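The values are calculated or read from the model by the stated rules, or taken from the named source; none is laboratory data. Everything quoted here is computed from the prediction, not taken from an experiment. Virtual Cβ from ideal backbone geometry, glycine too; neighbours counted across all protein chains shown.
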Ligand code: AMP
Ligand code: MN
Ligand code: MN
Ligand code: MN
């Protein structure tokens, strides 16, 4: 399998902060020409068996997936896991611990929003939650759009949910080494998600990549819905420099919110090693 494969290895369902079920996502992916698919819910593998069955029913190849929230150098970084055993006990338990604390954080976010006159945000956000253990900023954003406080979710994040804003609550997620070890220990590959999103200095980024690789991480997202064409080119170079395999995924969350639909990304640059080449024996 080469770089010209319509692989979409990053998206979210109602099991985390997406709005579609795993089955509806599989159908949409297939309709958009996806050949190899992975559902990567935040800090959760609860949708994996459904997603794999739905992919196979649609005639698509499947890789198991998740996207783990990590705190690295005081910042939140996302690590995608692909091709692991979704029933691995250490992984399932590690993700359960990572999800813990989201409820309390959400209550604090709601208190912060109440101080600027936005009442009932916790209850409001809960109405959009598909998985009670996975209340996220995205659910608050949907509530603030629906109630007319903001026109769209990017505006909510800009005004209310990012560092220094009234609904932002700092949180400690998993450690980088734990996230990588949970994934690799379950037979999968760890991949740095959307590296351009972090706004790291070159030194910070170097530290992230070298530590990630020292713990056994082997991949990086190059073509993603979160990167411009220029950023994709830049991280293609990074993948070559560090000898990392390259991944491709839309990060699709919702037909109403996401600007990149499943399976509608540019191809991976040809000189890179696609993650699916190294994961060939994990594809189902
Ligand atoms: P949480 O894990 O609760 O901190 O929520 C993080 C999620 O919020 C991400 O996975 C995205 O889905 C969403 N998100 C983060 N930043 C933005 C943004 N600027 N605009 C829209 N959605 C965002
Ligand atoms: Mn998300
Ligand atoms: Mn992410
Ligand atoms: Mn994502």
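Observations
- Counting only helices (runs of 4 or more DSSP H) that sit completely within region 189-284, those holding 3 or more residues that are touching a residue at least 60 places away in the same chain (Cβ under 8 Å) and either under 17 Å from the mean Cα position of the chain (by Cα) or within 17 Å of residue 8 (Cβ to Cβ) (or both) correspond to 275-278.
- When region 130-149 is filtered for residues that are in a loop (DSSP other than H, G, I, E, B) and within 11 Å of ligand 1 (Cβ to nearest atom), the ones remaining, listed by number, are 135, 136.
- Test for residue 42: is it closer than 24 Å to residue 282 by Cα and within 16 Å of ligand 3 (Cβ to nearest atom): yes
- Any hit, region 30-37, residues being over 23 Å from residue 133 (Cβ atoms), more than 15 Å from ligand 3 (Cβ to nearest atom) and buried (at least 24 other Cβ atoms within 10 Å of the Cβ): yes
- Unmet requirement for residue 171, which otherwise passes all of (1) under 24 Å from residue 13 (Cα atoms); (2) within 16 Å of ligand 3 (Cβ to nearest atom); (3) assigned to a helix (DSSP H, G or I): (3)
- Residue in region 77-95 that is farther than 26 Å from residue 248 by Cα, within 19 Å of the chain's Cα centre (by Cα) and not in a loop (DSSP other than H, G, I, E, B) present: yes
- Filter result (crowded, with 23+ Cβ neighbours inside 10 Å and either within 20 Å of residue 189 (Cβ to Cβ) or within 13 Å of ligand 1 (Cβ to nearest atom) (or both)) within region 16-28: 16, 17, 18
- The sole residue among 106, 38, 121 that is away from ligand 2 (no atom under 16 Å from the Cβ) and either at pLDDT below 95 or touching a helix residue (DSSP H, G or I) at 6+ places or on another chain (Cβ under 9 Å) (or both) is 121.
- One residue from 67, 44, 35, 108 being closer than 21 Å to residue 156 by Cβ and in contact with a strand residue (DSSP E or B) (Cβ under 9 Å, 6 or more places away or on another chain): 67
- Condition met for residue 82 (under 29 Å from residue 283 (Cα atoms) and buried (at least 24 other Cβ atoms within 10 Å of the Cβ)): yes
- Here 7, 90, 55, 73 are screened, and the one residue that is surrounded by 23 or more Cβ atoms within 10 Å (Cβ to Cβ), over 15 Å from residue 219 (Cβ atoms) and either more than 16 Å from ligand 3 (Cβ to nearest atom) or modelled with pLDDT under 95 (or both) is 55.
- Residue in region 1-15 that is nearest to ligand 1 (Cβ to nearest atom), counting only those that are assigned to a loop (DSSP other than H, G, I, E, B) and in contact with a strand residue (DSSP E or B) (Cβ under 8 Å, 6 or more places away or on another chain): 12
- Output for region 19-56, where each listed residue is under 11 Å from residue 8 (Cβ atoms) and part of a loop (DSSP other than H, G, I, E, B): 32, 33, 34, 35, 38, 39, 40
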